[in-house]
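Please treat every number below as a calculation from the coordinates, not as lab data. These figures come from a predicted structure and were not determined experimentally. Glycine gets a Cβ as well: all are built from the backbone with ideal geometry, and neighbour counts include every protein chain shown.
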Amino acid sequence: MGLEQFKAFAKGGEKKEETNKNVMIYTRVSSKDQENNKSLKTQLEQATKYAEQHGYIITSKFGGTYESASGDVTRKEFMKLINEIRTTKNKPFAILLNTINRFSRTGATSVTLAHELVEKYGVHLIDVTTGKNTITADGRNEIYLELIKSNQENLDRMKNTIPGMEKLIDAGNWLGKAPRGYDLYGTKVKNFKLHHSCQKIVLNDEGKLLQKAWQWKLQGEKDYMIIQRLKDLGLKISKQSLSDVWRNTFYCGISSHKMLKGEVRVGNWEKMVSEQDFLMVQEILKENKFGYKQDKSNPNRPLNGFVKCHECGNKLTGYEVKAKNLHYYKCQGCKGGSINADTTSKSKQEGANDLFFELLQQYELNEALKAAFNAQLKLTYSMLNDESKSDNQILSKELLRLEEDLKKLKRRYALGEIDDKDIFSELKSEYEEKINDFKQKLEMTDSKISNPDNYIKISEEIVSNISNYWDSEDVETKKRIQELVFCAGLSLDLKNRVYLTEKVNVIFSISRDITRVSERANKKRQPISKLPSSVVAGTRLERATFGL
């Protein structure tokens, strides 16, 4: 019997040439800014060339974007590659990388992952620049050492750069991309138009719109209304993004960067909002944490959660003494006492609801003063035209930009720079839709207050009968009236049973000012005329005035 029959069981000797020629390619850059350079394209070209030279078949490509190699599981494209290898039945022979540090810089973690690919799945790593690979034992050790070295390079780089970064931030400068609404000028910015000898951060057009949003928030407007108003002016912002704006100290010129390690610094950039106004908005957010109210209102206690205690600032809460069928408001903060909700035959003093009814009457318009009220309201509308003109300018500027972009798109298509007709048609339709939308918005701003007579008539009716409206309507309407008239809330001195107002809707403020001027004029026996425009200078007509 010959030995030839046993050669199939022999060990050692030369192995047959690898028949699996399938490979995958992974490319990446470390930051978004690098996406715009030619690095990704070069990586792909070199990997493709290497595959052609060695007879490999490229089955799939991963990456093609920016992913920091300081983490593995956080890289979406990288984990897509790894999971594909783990789950696919037909494993590739190797992963082609421009350099081994494109695979990972996590040190021991990356070695463990590479070892898993090689030993468990038979998938190798190939550095196409140097030719180093994990196919042989020596090659594997060399690749593993390169991965450890890449991690050490990262650590060394951080040790050298972090102190300088911390010093930069400590001096009031900013590190990284400026928040929404700002342009960052400096020596290292990619946009040539923003190059400057030193760092400078200034408000851009979007920032000026967000600056308006801060003022609307301070005036008591809800986020959904602010989002819609910004959208009308051409700025789309999500609810979450707007919420982030309210809470970012950058906008009031304060740096709270994590590299300050729990400290804050005054920043060297243009403020969008004052520090005081920023803190006021934080108080507004505390009162309405989630942007909506869970309203379990009792019709007998419409002031519940609206009126604050004058002593401590906490909101009064309502309760019922069921045995007596009586309702009360009480301060839970300073325990400053309670007050009956309604005046009864057994009450020694007026209740909070009746006191509020009398307060509203103080802002009602007397029949004899309607002419003066109408004249003053027209002056207010005239002032509002300035804001409308500002909005109009912003919309016109954006419309002009869109029309210019559409012309450029058509020109590129005509010159053959865009050869896909479907893509061109889709983009053209998008631009035309936006342009039409902006034209409609411009028409709205043009006519918004061009004919105020109807609004003045409605305002006159509401202001003349506001106490009766409040007294006769359901609890939900009562609350809307309360927020309408006293847009910044209301305080109650429980001890002296006196309401203290902070800010009143400008319409009702005009009514009361006209009444006071009338009373003074009557004492001096002088006729009254319209109030001077200074009475309403700096005020803004609340949109909610006409929303009842």
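The table below lists the values:
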quantity: Residue 200-residue 411 FRET efficiency (beta carbon distance; Förster radius 41 Å; 0.05 resolution); calculated: 0.75
quantity: Alpha carbon convex hull of segment 19-156, volume per residue in cubic angstrom; calculated: 102
quantity: For residue 332, residues with placed amide H under 5 Å, excluding near neighbours; calculated: 317
quantity: Residue 473-residue 263 pseudo-label distance in nm [points 7 Å out on the Cα-to-Cβ vector]; calculated: 5.3
quantity: Theoretical FRET efficiency, 1/(1+(r/R0)^6), r = Cβ-Cβ of residue 22 and residue 418, R0 41 Å, to 0.05; calculated: 0.70
quantity: Packing-based ranking, highest mean first, of 179-187, 95-103 given that Cβ atoms within 10 Å are counted; calculated: 95-103, 179-187
quantity: Gain upon complete extension [residue 74, residue 428; 0.36 nm per residue less C-alpha separation]; calculated: 123.7 nm
quantity: Residue order, fewest to most surrounding Cβ atoms within 10 angstrom, among 40, 359, 194; calculated: 194, 359, 40
